[in-house]
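For reference, the structure discussed in these notes is given below.
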Amino acid sequence: MHKGTLIQVFPALANLTDATSFNLRDDWSGFINYVTKYANYNLKRNGNQFEGDADFHISVSQEATRHIVIPLNVAQAFLQTLEQIPLEEGPYTPKINQADTYLIDIAIQILTNAGPLDIFTNSQNDRNATGNAPWGVNFMGRTFVVNSDIPAKALDTLRPYLHEEVIEELIKAFDNALTPTAAFTSLSPNTPKTSTPNATNMPNK
């Protein structure tokens, strides 16, 4: 079958909720200042929850690690939602609106009995409006396109547990550590500095 929901095309994935581990990546790369943000999660089932460490960093060597705990029913709702993503076999082409401003790299990898299931997007479409569609899927050597926001909605069920606020904390910590000169230089390193008037160079009245 070349088209259908994930579990229609791959009946072996009908029990995706039985998965015992999955990895997430949510990266955003900007081409100005230090605005590059990385978040990587490695989660394994442990009793009635999925848990593991998440690594966060921004592109100025500010980094942090947090332990993530997701209740089992929430993780299974996430996996059950992914079972219904609509697939259409063919090459993946992301929707790029502003190629020279930023890049998105969001990926879900679920380890199944039939091999790793990769669900990903590099599309710049707004998450709230279109769920970063289209998405791509790689499984068992085949590639599919997902013209749907279902993967984004699945991720939304996990977001309250992903500690995404850590990225903003890292950016704030970096901003607070900058001296005024460093902040000026980081924004525009080739711009000449403008001297600040003081008592010795103010014109005489």
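All of the numbers you see were taken from the coordinates with simple rules; none came from a lab. Just so it is clear, the model here is predicted, and its values are computed rather than measured. All Cβ positions, even for glycine, are placed from backbone atoms using ideal geometry, and neighbour counts span all protein chains on display.
Going by C-beta contacts inside 10 Å, put Thr121, Thr101 in order with the fewest on the left.
In increasing order of surrounding Cβ atoms, one gets Thr101, Thr121.
Give, in nm to one decimal, the length gained when the segment between Ala12 and Lys44 is fully stretched (0.36 nm per residue of separation minus the Cα-Cα distance).
This chain segment gains 9.5 nm when fully extended.
Quick one: what Rg and Dmax do you get for the stretch 49-141 from the alpha carbons, in Å?
Just the Cα atoms of the stretch 49-141 yield Rg and Dmax of 15.6, 41 Å.
Loop only by DSSP, 16 or fewer other Cβ within 10 Å of the Cβ. Give me the trypsin sites (Lys or Arg not before Pro) in the stretch 62-171 that pass, ordered by residue number.
Those satisfying the criteria are Lys95.
Write down, largest first, the equivalent ellipsoid semi-axes of the stretch 87-145 in whole Å, where each equals the square root of 5 times an eigenvalue of the alpha-carbon gyration tensor.
23, 12, 10
Debye calculation, C-alpha points only, no solvent: report log10 I(q)/I(0) for the stretch 35-76 at q = 0.18, 0.22, 0.35 Å⁻¹, in the same order as the q values.
-0.54, -0.68, -1.12
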